[in-house]
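Notes to accompany the following structure.
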Amino acid sequence: MSERSHILLIDDEKNYLLVLEALLLDAGYNVTAISDPETALAFLDESEVDVVVTDMKMPKVTGREVLERVKKNWPYIPVLIMTAFGSIESAVDVMKYGAFDYITKPFSNDELLLSVHNAAELSRAHRQYRLLQEAMEDRYGVHQIIGRSRAIRTVLEMVERAAPSRSTVLITGESGTGKELVARAIHVSSPRKDAPFISVNCMALNPGVLESELFGHEKGSFTGAVAMRRGRFEQADGGTLFLDEIAELSQDLQVKLLRVLQERCFERVGGGEEIEVDIRVVAATNKDLAAMVESGAFRDDLYYRLNVVQVPLPPLRERREDIPLLVAHFAEKLAHDNGVVVKTFSTEALNYLTGYEWPGNIRQLQNVVERCLVLVSGGVIDVESLPPEIRDEESQFKSAVDLLPVELDLADTLEKIEAALIRRALVRADLVQVKAAELLGISKSLLQYKLKKYAITGH
Ligand SMILES: Nc1ncnc2c1ncn2[C@@H]1O[C@H](COP(=O)(O)OP(=O)(O)OP(=O)(O)O)[C@@H](O)[C@H]1O
Ligand SMILES: [Mg+2]
């Protein structure tokens with residue numbers, strides 16, 4: 001045992017208390033022995049106790065009351081009750097109230113030690129689970145969604161508002177905008193956080209496999225179904241089911257999913273039994289589902305069922321003010337994960353990162369930061385160390401153009417691009433017009449003319 005379990009021992013008979021204390025100490029436990037139950041309960045308030053062992057019959061506060069109060073305030077601490085021989089009824093009673101075990105006096109040392117050992121193991125498992133849970137919340141909580149822009153604050157507000165309910169949530173946004181991160185944040189901020197978060201990627205599997213993955217199957221329902229298997233819906237019972245890339249769902253599965261969402265029950269593949277589940281569904285897509293409904297590729301009834309609360313995630317280029325914050329966040333996190341010292345980006349390098357289009361959004365930004373951290377030897381990352389697609393104008397230009405639709409109004413598009421470039425130059429030049437004109441290689445008067453034309457003021 002790496003760490004000794006701490007046992008709180010309560011018995012009003014002082015001599016007996018001393019004997020038990022010696023026994024447990026001898027067995028390697030950390031023991032606090034207290035003869036007055038009130039004092040013992042107060043002790044629980046300020047100490048970490050793994051197991052409570054209490055006598056049943058005590059003058060002021062009974063073992064049963066101790067049990068009730070421990071269960072109310074520290075439900076995860078197992079309580080072991082020692083009862084006098086013959087009081088079977090009260091033994092049944094305390095078990096009903098959630099005692100871990102009871103032993104009747106007189107008991108052998110081994111009997112007590114075995115029961116204490118089991119209770120300590122349970123307590124340890126509980127503690128580990130709680131730590132894991134805390135780590136999960138730490139890792140996937142809302143505070144992991146970095147950004148101060150108006151756009152991301154709206155997202156956070158929606159997450160906080162949607163989390164407590166069971167409403168289905170549809171998260172939309174380009175690839176790498178944080179859809180999965182948001183789905184997990186909804187789960188860990190919800191009352192379901194202690195139940196599983198089960199994720200299914202609807203694209204990764206072919207329709208037949210996906211069906212048995214989602215609903216499970218009965219033994220012998222198809223070749224290879226050698227045993228009954230519970231599907232993701234069952235695994236997620238009480239928790240959250242995350243359906244990623246929902247647009248890829250086949251027509252057939254769309255119908256089946258609709259039924260689960262409507263009726264909250266389904267059948268395993270090859271089975272007749274109806275299975276009820278209590279799940280919250282969060283779906284995500286980088287496709288335009290509304291357009292797919294228009295074209296008939298996605299069922300409208302399913303779309304309305306999924307689209308109860310929609311959380312649209314903005315592309316990174318629409319919230320550029322968050323980029324320096326994200327860069328600092330990833331630099332620190334990745335340096336920590338890789339065991340290297342944190343590096344900083346020069347102001348100019350940051351300017352380039354802020355100006356880039358980021359077709360791969362936050363995931364791409366994260367990769368770029370990681371690459372720089374690993375490859376650059378100095379403490380400061382400069383423009384030269386940035387990947388070519390960000391540094392190099394030609395490829396920057398190309399990737400920007402790649403984002404545009406092939407069918408477009410050329411004159412209109414060129415104007416939009418011009419306005420966007422001017423805005424960016426102004427920001428880079430800290431709103432100093434002469435500097436912005438210099439960056440763009442035009443005269444100050446031409447710049448002013450264009451500012452007026454595009455109605456650009458300040459930012
Ligand atoms: N606002 C944010 N703050 C910090 N990290 C973020 C943020 N948004 C996304 N990330 C990180 O970016 C990466 C990509 O996010 P995620 O996998 O959630 O994107 P996605 O929208 O599901 O992408 P895809 O459509 O490609 O599956 C993850 O490592 C995630 O932790
Ligand atoms: Mg994803």
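The values are calculated or read from the model by the stated rules, or taken from the named source; none is laboratory data. Keep in mind that what you see is a predicted model, and the values were worked out from it rather than measured. Methodologically, a virtual Cβ is constructed for each residue, glycine included, from the backbone with ideal geometry; neighbour enumeration extends over all protein chains shown. All accessible areas refer to the heavy atoms of the entire protein, side chains included, with ligands and DNA or RNA removed. Shrake-Rupley method; radii C 1.70, N 1.55, O 1.52, S 1.80 Å.
In the stretch 141-314, what % of DSSP beta bridges are antiparallel (nearest 5)?
Of those bridges, close to 20 percent are antiparallel.
How charged is the neighbourhood of Gln144? Take every other residue with its Cβ under 12 Å from the Cβ of Gln144, and add Lys/Arg as +1 and Asp/Glu as -1.
0
Taking +1 at the Cβ of each Lys and Arg and -1 at the Cβ of each Asp and Glu, which of Ser190, Val70, Ala162 sits farthest along the dipole of the chain towards its positive end, judged by Cα position relative to the Cα centre?
Ala162
Which of rounded, prolate, oblate describes the stretch 342-456, given a ≥ b ≥ c as roots of the alpha-carbon gyration tensor eigenvalues and a/c under 1.5 marking rounded, otherwise prolate only if a/b is larger than b/c?
oblate
Sort the stretch 240-366 into rounded, prolate or oblate with this rule: let a ≥ b ≥ c be the square roots of the eigenvalues of the Cα gyration tensor; rounded if a/c is under 1.5, and if a/c is not under 1.5, prolate when a/b is larger than b/c, oblate otherwise.
Judged from the Cα gyration tensor, the stretch 240-366 comes out prolate (a/c at least 1.5, a/b above b/c).
What does the C-alpha gyration tensor say about the overall shape of the stretch 77-131? Classify as rounded when a/c is under 1.5, otherwise prolate if a/b is larger than b/c, or oblate.
Oblate, since a/c reaches 1.5 and b/c is not below a/b.
Please figure out what share of the DSSP beta bridges in the chain is antiparallel and state it in percent, rounded to the nearest 5.
If I count the DSSP bridges inside the chain, around 10 percent turn out antiparallel.
Express the relative contact order of the stretch 1-138 as a whole percentage, based on alpha carbon pairs under 8 Å and six or more residues apart in sequence.
Averaging sequence separation for qualifying contacts and normalising by length gives 21 percent for the stretch 1-138.
Order 348-355, 132-139 from most to least packed using the mean count of other Cβ atoms within 10 Å.
348-355, 132-139
Using every pair of alpha-carbon atoms in the stretch 410-453, split the distances into 5 Å bins beginning at 0 and state the percent of pairs per bin, rounded to integers.
It works out to 5, 25, 33, 24, 9, 3, 0, in whole percents.
Treat each spin label as a single point 7 Å out from the Cα along the C-beta direction, and report the Arg391 to Gln433 distance in nm.
Simple spin-label model gives 3.5 nm for this pair.
If the only charges are +1 at each Lys and Arg Cβ and -1 at each Asp and Glu Cβ, what is the size of the charge dipole of the chain around the Cα centre, to the nearest 20 debye?
The dipole magnitude comes to about 1300 debye.
Would you mind estimating how fast the chain diffuses translationally, via Stokes-Einstein at 20 °C and 1.002 mPa s with the Kirkwood radius over Cα pairs, in µm²/s?
78 µm²/s
If you roll a 1.4 Å probe over the heavy atoms of the protein chains, what accessible area per residue do you get for the chain, in Å²?
Solvent-accessible surface per residue comes out at 53 Å².
Add +1 for every Lys or Arg and -1 for every Asp or Glu among the other residues with Cβ under 13 Å from the Cβ of Ala297, and state the total.
-2
What is the sum of charges around Arg268, taking Lys and Arg as +1, Asp and Glu as -1, for the other residues whose C-beta is under 14 Å from the C-beta of Arg268?
-3
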